[in-house]
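Values in this text are rule-based calculations from the coordinates and carry no lab data. Just so we're clear, the structure is a prediction, and the values are computed from it rather than from any experiment. Glycine gets a Cβ as well: all are built from the backbone with ideal geometry, and neighbour counts include every protein chain shown.
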Amino acid sequence: MTEMIQPLVSIVTPSYNQARFLEETIRSVLRQSYPKIEYILVDGGSTDGSLDIIHKYADLFARWVFEPDEGQVDAINKGLKMTTGEIVAWINSDDLYMAGAVMEAVKALQANPEVGMVYGDGIMVDENGKLLDRHYYRTYDVLDLLCFEVLLQPTVFMRRTVLEEVGLLHAEYDLVLDHDLWVRMASHSPILHIPSFWAVERSHESAKTIALSSKFVEEAEKLIGSAEQSASLGPRVEAHRRQILASLHAFAARRLIDAGEHRQALRRLSQAFMQKPGIVIRYWYKLIQALGGALGLEALFLFYRRTRRKIQHQTTRVIVGEKGAELVDK
């Protein structure tokens with residue numbers, strides 16, 4: 001890849017009171033091997049020492065903002081509006097890019113000009129960087145996304161021209177904001193999976209995916225309701241209604257289990273089974289988890305999961321090395 005054909009990649013990090021993780025996120029971006037990165041940081045006015053970290057790297061940002069905002073969607077959209085790159089992405093201030101991620105994303109988009117968005121596989125870690133799970137994907141289409149095949153957000157890189165066509169994040173979503181955008185991207189142009197680990201998502205108690213699990217359900221239902229009313233997506237929803245509704249109920253059940261609402265999760269799984277039994281069979285382990293939770297056996301399941309992860313991953317952790325995040329045994 002010569003200098004003449006290296007497109008500018010714009011990356012935005014929204015942040016608010018994430019000083020504990022912010023510096024590692026910044027380093028994982030700045031240490032990427034790809035040479036043409038426009039890095040923009042948007043902080044909502046943190047009070048936890050984040051500003052000191054921002055000042056430490058201030059000369060390496062293309063732009064940075066430290067001012068009150070209206071939440072994550074506002075912060076990300078603010079940053080995206082500042083970008084000038086041909087390829088754009090955002091990474092939250094508790095997540096990380098794996099070494100080589102940006103270079104691989106650029107190559108994938110250049111090799112597939114018909115594609116509007118590429119994404120890799122993802123790694124989930126705990127607050128201390130200890131490996132929890134590896135998330136493997138495949139190439140999805142818009143129907144898959146309407147059926148809530150969910151991506152780890154920081155694995156995604158978008159072509160600016162397509163993002164401008166479909167629009168920025170929608171303010172009515174706080175939790176499925178990224179998935180709504182992926183649906184719109186996929187309805188415009190093909191999307192492509194690259195079988196390589198590109199990003200790390202951190203799971204901790206203050207993360208929205210943990211703290212607000214039950215509220216995902218309301219937004220997921222709203223997303224499908226909006227798709228039904230859409231001129232481009234409505235016919236697809238109608239043609240695959242049972243599959244989409246079953247997948248919606250199964251997605252809701254998984255989030256309700258995370259929130260500890262096991263009886264409601266069982267009701268959702270029952271509704272999914274009535275629409276499309278195969279969807280529930282696919283998530284049989286969640287059915288067992290919901291049944292166990294409803295019977296007061298959630299602690300036993302969590303013990304099993306912790307033990308399984310300990311055996312599988314032992315001492316594997318993610319650290320930020322010279323070229324981005326890397327998996328190491330410590």
**Request:** Rounded to the nearest 10 degrees, what's the angle between the helix 177-188 long axis and the longest principal axis of the chain, both from Cα atoms, 0 to 90?
**Result:** 90 degrees
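Counting DSSP beta bridges with both partners in the chain, what percentage is antiparallel, nearest 5? Can you show the working numbers first?
Details: 18 of 42 bridges.
Taking every DSSP beta bridge within the chain, about 45 percent pair in antiparallel fashion.
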**Request:** Could you work out how far helix 262-275 tilts from the main Cα principal axis of the chain, as a 0 to 90 degree angle to the nearest 10?
**Result:** 80 degrees
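Sort 50-61, 35-46, 271-282 by the packing proxy (mean of other Cβ within 10 Å over each peptide's residues), most packed first.
Packing proxy ranking, top to bottom: 35-46, 271-282, 50-61.
Using only the Cα atoms, what convex hull volume per residue in Å³ does the chain have?
Details: hull volume 44.3 nm³, N = 330.
In the chain, the Cα hull volume divided by residue count equals 134 Å³.
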**Asked** Per-residue ellipticity at 222 nm for the chain, helices alone: DSSP H runs ≥ 4 residues times -39500 (n - 2.57), over residue total, nearest 500 deg cm²/dmol?
**Response** -14000 deg cm²/dmol
**Request:** Any chance you could give the angle, 0 to 90 degrees and rounded to 10, that helix 101-111 forms with the longest Cα principal axis of the chain?
**Result:** 90 degrees
**Asked** What is the list of residues in the stretch 118-158 whose amide nitrogen lies under 14 Å from a point 7 angstrom out from the Cα of Ser232, following Cα to Cβ?
**Response** 142-143, 146
**Request:** Beyond 29 Å between alpha-carbons counts as too far, so tell me which of Lys107/Lys222; Lys36/Lys222; Lys130/Lys286; Lys56/Lys107 fall in that bin.
**Result:** Lys107/Lys222; Lys36/Lys222; Lys56/Lys107
**Request:** State log₁₀ I(q)/I(0) for the stretch 211-296 at q = 0.20 Å⁻¹ as given by the Debye formula over alpha-carbon point scatterers of equal weight, solvent excluded.
**Result:** -0.86
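Apply 1/(1 + (r/R0)^6) to the Cβ-Cβ distance of Val328 and Arg63, taking R0 = 35 Å, and write down the FRET efficiency to the nearest 0.05. Intermediate results must be reported in sequence, preceding the final value.
Details: r = 33 Å, r/R0 = 0.94.
About 0.60, to the nearest 0.05.
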**Message:** Between Ser270 and Asn17, what is the label-point separation in nm under the 7 Å Cα-to-beta-carbon projection?
**Reply:** 4.0 nm
**Request:** Which order do the peptides 63-70, 288-295, 21-28 take when ranked by the mean count of other beta-carbon atoms within 10 Å per residue, highest first?
**Result:** 21-28, 288-295, 63-70
**Request:** Please give, to one decimal in nm, the separation of the simple spin-label points placed at Ile5 and Tyr136, each 7 Å out from Cα toward the Cβ.
**Result:** 3.2 nm
**Request:** Assign unit charges at the C-beta atoms only (+1 for Lys and Arg, -1 for Asp and Glu), then state the dipole size of the chain relative to its Cα centre in Debye, rounded to the nearest 20.
**Result:** 1340 debye
